[in-house]
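The values are calculated or read from the model by the stated rules, or taken from the named source; none is laboratory data. This one's a predicted model, so the numbers in the text were calculated from it and none came from an experiment. No Cβ is skipped: glycine too gets one built from the backbone with ideal geometry, and neighbour counts run over all protein chains shown. We work out accessible area using only protein heavy atoms, side chains counted, and drop any ligands, DNA or RNA first. Shrake-Rupley method; radii C 1.70, N 1.55, O 1.52, S 1.80 Å.
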Amino acid sequence: MGKGAKKRRRPRKKTPHQGVVPGPARPARPRSPRTGTLSAGFFVLVLGLLPFLGGGCMLAGALGLVGQRAVFTATSCAVVRTGKSPYVACGGNLVVARRPLRYASVDTRLPLGRPAAVRVLPVGPLESVGPAAVSGWSTVALGGLTVLTGGALAVFRGRLRSPVRDTVFRVVSVPGGLTLGGLFVYVVVRVAA
């Protein structure tokens, strides 16, 4: 070969996979539009129905509508740390319907040595009676109702005409406003106590 001569290259043999663009092994299934709606509906039910029903049950106990009357005298209170949120739990003596004393605990701060009215609920826990408990549980129940009505509005928004949609939005804003008002009252009552 001379000085300026170029070396000839042999052409490569093509492999069976050369020139083929890799793709998925099987074609992707189209996603159903109902999947998102069903999962959103599930979360609305969980985040709306559980607080609404649970808060309503505890609210009935705080109002004195369900459960047995009892008197609780706190002998000790301590901060209990479970997970990331510490809370105050008081232990002491519980007298229910003239039965002998028994030890119990309440998940709220109560004055030591002073008898306090509580309710023994059918679902198990003790519930303190008074404005703080009523405002707190009504706020939880109204928050659940707000989530439920907001979820119902989201589900039916395409099926409602404009004037009806505006009216439904106002109906949803009522429990939302009441929830914020109840939260404010709860904070004021807890700070004053």
R0 of 35 Å, Cβ-Cβ distance residue 76-residue 153: FRET efficiency to nearest 0.05: 0.15
Descending accessible area (1.4 Å probe), largest on the left, turns 134, 118, 187 into 187, 134, 118
Equivalent ellipsoid semi-axes - Cα gyration tensor, region 38-193, angstrom: 37, 15, 15
Measure of exposure for residue 184: accessible area at 1.4 Å probe, Å² rounded to 10, is 140
Taking the Cα centre of region 98-178 as origin, work out the dipole magnitude from +1 charges on Lys and Arg Cβ and -1 charges on Asp and Glu Cβ, in debye rounded to 20. 160
Tell me the label-point distance for the pair residue 43, residue 190, using the 7 Å Cα-to-Cβ offset, in nm and rounded to one decimal. 2.5
Could you sort the peptides 96-105, 135-144, 122-131 by per-residue average Cβ neighbour count (10 Å cutoff), highest mean leading? 135-144, 122-131, 96-105
Rounded FRET efficiency, nearest 0.05, which uses the C-beta distance separating residue 117 from residue 170 and R0 of 45 Å: 0.70
Mind giving me the nanometre distance, one decimal, between the label points for residue 10 and residue 63, set 7 Å out from Cα along Cα→Cβ? 9.3
